[in-house]
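Here's the structure we're looking at; comments come further down.
The values are calculated or read from the model by the stated rules, or taken from the named source; none is laboratory data. Just so it is clear, the model here is predicted, and its values are computed rather than measured. So basically every Cβ, Gly included, is an ideal-geometry build from the backbone, and we count neighbours across all protein chains shown. The protein model used for the area step is the full one, side chains on, heavy atoms only, and it has no ligands, DNA or RNA in it. Shrake-Rupley method; radii C 1.70, N 1.55, O 1.52, S 1.80 Å.
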Amino acid sequence: ERGGSNSFTHEALTLKYKLDNQFELVFVVGFQKILTLTYVDKLIDDVHKEFRDKYRNEFQQKGTLGLLNGTFDFKDDFMRLLRDAEESSKVRAPTVMKTFEQSLKSQKTVKCMIETRGEKPKEKVKNKKNKGSKKEGTEAVAAPGKASAGDKQPSAAGDREELTKDEILQKNREEFFKRHMKAGEKSSKSPKPEAQKEKGKKPRVWDLGNSNAKVLDYSNSATNGSAEACPVEEFDPDTALGDRNREPGRLYDLEYESDDEAEEEKVIQNPSKPSAKKGGLGGMFGMLKGLVGSKSLTREDMDPVLEKMKDHLIAKNVAAEIAVQLCESVAKKLEGKVMGTFTTVTSTVKQALQEALVQILQPQRRVDVLRDVMDAQRHRRPYVVTFCGVNGVGKSTNLAKISFWLIENGFSVLIAACDTFRAGAVEQLRTHTRRLNALHPPESHGGRTMVQLYEKGYGKDAAGIAMEAISYARNQGFDVVLVDTAGRMQDNAPLMTALAKLIAVNAPDLVLFVGEALVGNEAVDQLVKFNKALADHSMAQTPRLIDGIVLTKFDTIDDKVGAAISMTYITSKPIVFVGTGQTYCDLRSLNAKAVVAALMKA
């Protein structure tokens, strides 16, 4: 699925490889990275061709797997090809400059090089003969139009000349007075103000408001700077939970209803009748159209299909750069592969692309948060999760959803309000904490408060607040610490430095990047620059990068799910959570097959 690039660098070595899909072989050449060998591509192509031609019959008889234990006498051939490749890349002797007699200029006479003023060169005249004929045709067509326009103008001018100067002045005055009379009528219709307004602005007084700013301050000075439990709030739990029939604590998979089954039912119910004109043979030949029988695929066969696939992926919000790389990797995977008898190129390419997309969405390391939290419990320490991302993607909202999910699984949560920049950030988390405590009161958990907020107001150092929150959670026996950070653009160097400092100082167990499902090319830019900033500004020798992704606003995009592909492709990190709505239960785990089904839908 990432076969678009044919090289791999490991420490001081570089590996280049080439696939032979017909016989399922991989040819790899390794060399020191510091060497600039220009003949590597030629060498690997020559070795591939020579080896395949030499052992083609054995491959066809025994199969590739039957030759795994065999020996190949190929050393002499390889040394010969290596010598040829090295000689071909040697620096060639500099080309000798042509003499005047060998140049084309020496063959021209002096007369043909003299140009008289106003006379065009003959070659240019010849080239422009056709253009001139086209222009003559267009001028001939345009001439009647010009003539008709010219006929209209004299008639208008004639009418104007028939009127005397006094009559023209009188007419203009009447039009002027008419215009002013209409304007006066419009102004008279508008109601006149009873009293003249006083100059200067006055503050608006709202009906339900209060002019006293102290009354509007809802921040509790007693809890500010501490981690005391927020008061319980009474509200309708249905608005916060949504689905009441769900299983508590379970993280459901993302679902996608495919239209394929409905289409198949329609086809069965309304079978297409064969046309009388074409007959049976015509229908049969139509069915066999586009089928490829027992031939190896070439790049020319796949290019039209891959071009359509690339446009389709871009239309589904996959970043353009990644769509190109995906199609390139599919082409390299299929080139030279022998097709079945009744298989079309389109279906083969589509199937290969689907397999590649599923592989991308299922990374090698799967993040299991519940297992990691229980492991941290055994070591008597809190499990720390840090949320980061750009502005307005839903970090605080999805942090509250994850808190609810952890509480339902029996873990106590401490929320660290480290967004000390955005107005209302602390109050938002305080409201979520009140509602979560109302849904899971201490009485239901043996008198234990399941969620608390640790905050110190605004304008403070976020890294220091996170460190104090982790220390408080360790002392009070909390299971999980969720660190909320301020939203920041990936290009803002000072804020990215502050985020890298927070992560480097506190060493969280999990760093989650929160990203919208609405973005396209921007997803790649955000993730690349966030990872680069964390690497550049980290003080550790092995910097801490993003561990996973929270994909939000998934309910707003229908089947344009390309952001999921873009984010996982660029980072090779899993999508841990998917936000699908506004209630606490609208949290899902990623189902790779459902996302790919939505992506491949026409």
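When Val349, Val384 are checked against the criterion of being open to solvent by less than 20 Å² (accessible area, probe 1.4 Å) and closer than 30 Å to Leu326 by Cα, Val349 stands alone in meeting it. The criterion of being surrounded by fewer than 19 Cβ atoms within 10 Å (Cβ to Cβ), under 29 Å from the mean Cα position of the chain (by Cα) and either under 23 Å from Gln526 (Cβ atoms) or modelled with pLDDT of 90 or more (or both) holds for Val367.
Yes or no, residue by residue, for (1) modelled with pLDDT under 85; (2) open to solvent by less than 50 Å² (accessible area, probe 1.4 Å); (3) among the hydroxyl-bearing types (Ser, Thr, Tyr):
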position	(1), (2), (3)
Asn6	yes, no, no
His10	yes, no, no
Leu13	no, no, no
Lys49	no, no, no
Tyr55	yes, yes, yes
Gly70	yes, yes, no
Leu81	no, yes, no
Ala85	yes, yes, no
Ala93	yes, no, no
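Out of Gly464, Gly459, one residue alone is part of a loop (DSSP other than H, G, I, E, B) and surrounded by fewer than 20 Cβ atoms within 10 Å (Cβ to Cβ). It is Gly459.
Being part of a helix (DSSP H, G or I) and either crowded, with 20+ Cβ neighbours inside 10 Å or within 31 Å of the chain's Cα centre (by Cα) (or both) is a condition met by no residue of the stretch 447-455. Taken over the stretch 534-560, the criterion of being open to solvent by 10 Å² or more (accessible area, probe 1.4 Å) and not in a loop (DSSP other than H, G, I, E, B) is satisfied by Ala535, Asp536, Phe554, Asp555, Thr556. Taking the conditions (1) under 23 Å from Asp368 (Cβ atoms); (2) in a helix (DSSP H, G or I); (3) open to solvent by less than 10 Å² (accessible area, probe 1.4 Å) in turn, Leu482 satisfies each one other than (2). Which one is farthest from Met374 (Cα to Cα), of the residues in the stretch 485-499 that are part of a helix (DSSP H, G or I) and free of Cβ contacts under 8 Å to residues at least 40 places away in the same chain? By that ranking, first place goes to Pro494. When every residue of the stretch 561-583 is checked against the conditions, none turns out to be outside any loop (DSSP other than H, G, I, E, B), among the basic types (Lys, Arg), in contact (Cβ under 8 Å) with a residue 40 or more places away in the chain and under 18 Å from Leu357 (Cα atoms).
Of note, Ala523 does not satisfy the criterion of being over 21 Å from Ile575 (Cα atoms) and small (Gly, Ala, Ser).
Consider the stretch 399-418 and keep the residues that are open to solvent by less than 10 Å² (accessible area, probe 1.4 Å) and of a type outside the set (A, V, I, L, M). The one that is farthest from Phe530 (Cα to Cα) is Ser412.
Listed here are the residues, each with its yes/no results for (1) at pLDDT 90 or above; (2) in a loop (DSSP other than H, G, I, E, B); (3) surrounded by fewer than 16 Cβ atoms within 10 Å (Cβ to Cβ).
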{"site": "Ala276", "(1), (2), (3)": "no, yes, yes"}
{"site": "Leu281", "(1), (2), (3)": "no, no, yes"}
{"site": "Phe285", "(1), (2), (3)": "no, no, yes"}
{"site": "Ser294", "(1), (2), (3)": "no, yes, yes"}
{"site": "Asp301", "(1), (2), (3)": "no, no, no"}
{"site": "Leu306", "(1), (2), (3)": "yes, no, no"}
{"site": "Thr341", "(1), (2), (3)": "no, yes, yes"}
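Let's see how each residue does on (1) surrounded by fewer than 21 Cβ atoms within 10 Å (Cβ to Cβ); (2) within 27 Å of the chain's Cα centre (by Cα); (3) modelled with pLDDT of 95 or more:
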residue: Asn391; (1), (2), (3): yes, yes, no
residue: Phe421; (1), (2), (3): yes, no, no
residue: Ala425; (1), (2), (3): no, no, no
residue: Gln428; (1), (2), (3): yes, no, no
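Looking across Val330, Val358, one residue alone is assigned to a helix (DSSP H, G or I), of a type in the set (A, V, I, L, M, F, W, C), in contact with a helix residue (DSSP H, G or I) (Cβ under 8 Å, 6 or more places away or on another chain) and surrounded by fewer than 17 Cβ atoms within 10 Å (Cβ to Cβ). It is Val358.
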